[in-house]
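Notes follow once the structure below has been shown.
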Amino acid sequence: MNETEKLENENISSAEETVNETAGTEAVEEVSIADSVRALSPTRLVIKRFFRSKLSIIGLIMIIGLFLFSFIGPIFSPYQEGVADYSTDRMNVVTTKMEYVVDGETYVCYKVEKTPMAVDRKAPVSWEHWLGTDGDGMDVLTQTMYGGRISLTISFIVVILEMLIGVILGGLAGYFGGWVDTLIMRIVDIFSCLPDLPIMLIIGAVLDGMKIPARDRIYYMMVFITLLGWIGVARLVRGQILSLREQEFMVSATARGLSTKRKIFRHLIPNVMPHLIVTMTLGLGGVILMESTLSYLNLGVPKPYAAWGSMISAVDKDSSILQYYFNVWGPPGICIVLAVLGFNFIGDGLRDAFDPKSRK
């Protein structure tokens, strides 16, 4: 073998070594990338996508702030729910200004009219009452805190109850089909035809006639709002299960002889949960608006207990409050807006995070 052939063989071997090293490096990079992808579980991937959205973070901050304000704030308040502060009472005295001229001197006198003197308990903003007091002499800031407890608690309990009823009935209708599906969906159609607000007005009148205690009305309200609100969840679950029960993993579960209960609650419901979580989050804002509307119509929690909607209803009783006392109706209205926006922002973020087509 001459020197030229030796050089050629050496060049070929070095080229092969370079190719092998490059291939090895690429393989290592592919393995590391695959490991990093495997390291992100579906839950962590959803959380990562959720916190990439600025609106989701803003909504989460708003809701956490409202919860701290409503459940922790009253601890630091010197006032109690439904307790009036009579030290701020003022008398609405009607006077007439009169001027007299005596020996060239002008004297001004004020004549008190002989009219009933009403007590004005709407104290202005001060260091003692940061948001003033309402028409009953109750501290507005404290009432807003306690009102948040009722509004937020009602929304969460109602949404959870709606999910339970909707998942059970929608799951049964979607999985079994046939006469079960027909019966449940006809019940859904009947409930969907019922007008929500007129029915709640009738129920409110019945509760007034039965003289239900003020604190117990919140439980009746939650029950009736739940009965009128589970329809959308049942339809969603039914539609999702109808599409999932024909998938390959369900055929495999049937071939392995799994029980119906296991197939529904182990395989079908977990696949529906992402859609349910988004629906629950978006539904929280709707329940708060519903509760606020009922409280505004005096169908919610009556005084001395507070709810955001019932605090705003003071405007309907006295139009001067709308013009001159923003501190009475403004704070609960702002809290309602923040709560609804916060839940909607979180719902939008969860919808994008659970979307498998999302690449953000």
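Coordinate-derived values only; no laboratory data. All values derive from a computational prediction rather than experimental measurement. In this analysis, Cβ positions are derived from the backbone assuming ideal geometry, glycine residues included, and neighbour counts consider all displayed protein chains.
If I model a spin label at Cys193 and Lys54 as a point 7 Å from the Cα along the Cα→Cβ vector, what separation in nanometres do I get?
Inter-label distance under the simple model: 5.0 nm.
Place a label point 7 angstrom from the Cα of Val206 along the Cα-to-Cβ direction, then list the residues of region 220-235 whose backbone nitrogen is under 14 Å away.
Only 220-228 fall inside the zone, counting backbone N under 14 Å.
Which shape class applies to region 259-302: rounded if a/c is under 1.5, otherwise prolate when a/b exceeds b/c and oblate if not, where a ≥ b ≥ c are the square roots of the Cα gyration tensor eigenvalues?
Because a/c hits 1.5 or more and a/b exceeds b/c, region 259-302 counts as prolate.
Between Val108 and Thr153, what is the label-point separation in nm under the 7 Å Cα-to-beta-carbon projection?
5.3
Could you state the principal axis extents of the C-alpha atoms in region 219-318, from the largest down, to the nearest angstrom?
Per principal axis, max minus min of the Cα coordinates gives 69, 20, 16 Å.
Work out the P(r) tail for region 275-322: percent of alpha carbon pairs separated by more than 13 Å, whole number.
59
For Trp127 and Leu68, what is the calculated FRET efficiency with R₀ set at 22 Å and r taken between the beta-carbons, to the nearest 0.05?
So, using R0 = 22 Å, E works out to roughly 0.45.
Spin-label point model (7 Å from Cα, Cβ direction): what's the Thr43 to Arg266 distance in nm?
1.9
Can you pull a Stokes-Einstein diffusion coefficient for region 127-234 at 10 °C (1.306 mPa s), Rh from Kirkwood over Cα pairs, as a whole number of µm²/s?
96
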